[in-house]
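Undergrad: Below is the structure I would like to discuss, written out as structure tokens.
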Amino acid sequence: MFETYETKTKGNGALTSDVKITRSNGSRLEQTNLEDPGFGINFTDHMLSMVYGDGEWKIPEVVPYDTLEVSPAMLTLHYGQAIFEGMKAFRGADGAINIFRPEAHHRRFTQSCRRICIPEIDYSHFLSGITTLIDLDRAWVPDTKGNALYIRPFVFATDNLLSVKVSKTYRFLTITSPVGAYYKEGFNPVSLVTSDEYVRAVRGGVGNIKAPGNYAASLLPAKKAEDQGFTQVLWLDALERKYVEEVGTMNIMFLIDGVLVTPALEGAILPGVTRDSVIRIAKDWGIPVEERRIAIDEVFEASEAGTLEEVFGTGTAAVISPVGSIRHQDRSISINGEGIGPLAKKLFDEITGIQYGEKEDRFGWLHKLS
Ligand SMILES: *Cc1c(COP(=O)(O)O)cnc(C)c1O
């Protein structure tokens, strides 16, 4: 029940589905600074769109990026029957465009769909739609190292009625955005604080999928943390408030006495693709990895004993985000002198090296646009 992301073969098989294309009349690219694009604020000229009705997904279409007209009674606006994904494409030194682990993202996308009763979209439609979109907007993929094209596939219910029920119609869209660093800190360490008052997710709920409500629920605690001068909340488990789970948009890892420890996927944690990539690379390097429960007290005890070597978050947006300090109740620890740890740096270089085509894609993670 807890998912792993096996990448099959490179090349991903034959893509048979047709994608209809309607081109935009002009481009907004010239008004966009690809060297410093911000994060998720500028969108490319086109988007991918697919409608579900009469019990089936219709033909995927790439159309000009535009506003949507929706009914005020649209189910999603009221009851949140929607899910999303987040992945990236990179421009390699050779000019080629690499999408990072689209199959793993599609697998999680499918798990999200199932949990929210949204009809699934098969991989060939998902991938051929997205590659057609990126191909058409390929000039938008930044060639500055560190920047990338963020890809946001999402699906939402489009029936118009005020009744909590499974929609019969849906819209699948994918929009793309040139992005730079996610945190204003860039690759500099972030500060985390636990919450006594709030929880993020509980096993059996929807914390293990990318459902919009999870993020709505996190806004108030995140705002309170920020008001106190912290970057983000470090979530503890909802039942005992004892075990570390994750950060708002990142999984969390601890290097304790040479062992890489990360909370096990027990149903309340988002199964990050970056988390999975880090685990595989670490194991490949011979670093022992433990996926298990880790109490916040264990983290503080390791800090006291001098064995807490590094802490970092993992996620598509920031890749690796070093954690400089953690506050829990009335205690604070600082990690690695609030600097960037060597393992965090090495993992960041390895993953970004693969993404930008500078290092061998030895796990078959890249889908190259031809
Ligand atoms: C997206 C996300 C992550 C990271 O997942 P990646 O696949 O590595 O991007 C971690 N936690 C939450 C809550 C997320 O939404």
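The values are calculated or read from the model by the stated rules, or taken from the named source; none is laboratory data. Owing to the predicted nature of the structure, the values given are computational and were not obtained by experimental measurement. FYI the Cβ positions are ideal-geometry reconstructions off the backbone, even for glycines, and counts take in every protein chain you see.
Undergrad: In the range 352-370, what count of residues is obtained for those that are of a type outside the set (S, T, N, Q) and loosely packed, with under 13 Cβ neighbours inside 10 Å?
TA: Adding up the residues that qualify gives 2.
Undergrad: Among the residues of the range 107-126, write down those that are in contact with a helix residue (DSSP H, G or I) (Cβ under 6 Å, 6 or more places away or on another chain) and surrounded by fewer than 22 Cβ atoms within 10 Å (Cβ to Cβ).
TA: E120, Y123
Undergrad: Cβ-Cβ below 6 Å, separation at least six or inter-chain, first residue in the range 94-123 and of a type in the set (G, A, S), second assigned to a loop (DSSP other than H, G, I, E, B): which pairs?
TA: As it stands, the answer is A104/Y5; S112/I209; S112/K210, since those pairs meet every condition given.
Undergrad: Still on this structure, I have one more. Mind checking which residues of the range 215-236 are surrounded by 19 or more Cβ atoms within 10 Å (Cβ to Cβ) and either more than 13 Å from the ligand (Cβ to nearest atom) or of a type outside the set (G, A, S) (or both)?
TA: Within the range 215-236, P221, A225, F230, T231, Q232, V233, L234, W235, L236 qualify.
Undergrad: Here's a check for you: in the range 238-259, which residue that is within 19 Å of L308 (Cα to Cα) and of a type in the set (A, V, I, L, M) is surrounded by the fewest Cβ atoms within 10 Å (Cβ to Cβ)?
TA: In this case the residue turns out to be V259.
Undergrad: Further question: List the strands (runs of 3 or more DSSP E) inside the range 312-370, counting only whole elements, that have at least 1 residues being over 24 Å from H106 (Cβ atoms) and modelled with pLDDT of 95 or more.
TA: 319-328, 331-334
Undergrad: Okay, moving on. Any residue that is more than 19 Å from D45 (Cβ to Cβ), in a loop (DSSP other than H, G, I, E, B), aliphatic (A, V, I, L, M) and not assigned by TED's automatic domain parsing to the domain that holds I351 - is there at least one of those in the range 119-137?
TA: Yes, some residue in the range 119-137 is more than 19 Å from D45 (Cβ to Cβ), in a loop (DSSP other than H, G, I, E, B), aliphatic (A, V, I, L, M) and not assigned by TED's automatic domain parsing to the domain that holds I351.
Undergrad: Hey, another quick one. Any residue at all in the range 70-77 that's assigned by TED's automatic domain parsing to the domain that holds A148, buried (at least 18 other Cβ atoms within 10 Å of the Cβ) and not in a strand (DSSP E or B)?
TA: Yes, the range 70-77 contains at least one residue that is assigned by TED's automatic domain parsing to the domain that holds A148, buried (at least 18 other Cβ atoms within 10 Å of the Cβ) and not in a strand (DSSP E or B).
Undergrad: Looking at the range 295-302, can you tell me whether even one residue there is in a loop (DSSP other than H, G, I, E, B) and of a type outside the set (K, R)?
TA: no
Undergrad: Could I ask something else about it? Output the residues belonging to the range 78-116 that are within 16 Å of the ligand (Cβ to nearest atom), part of a helix (DSSP H, G or I) and basic (K, R).
TA: Selection gives R107, R108, R115.
Conditions (1) touching a residue at least 12 places away in the same chain (Cβ under 8 Å); (2) within 13 Å of the ligand (Cβ to nearest atom), marked per residue:
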site	(1), (2)
K242	yes, no
V247	yes, yes
M250	yes, yes
M253	yes, yes
A264	yes, no
V273	yes, yes
K283	no, no
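Undergrad: Looking at the range 119-143 only, could you name the residues that are polar (S, T, N, Q) and touching a Pro at 6+ places or on another chain (Cβ under 9 Å)?
TA: Across the range 119-143, the qualifying residues are S128, T131, T132.
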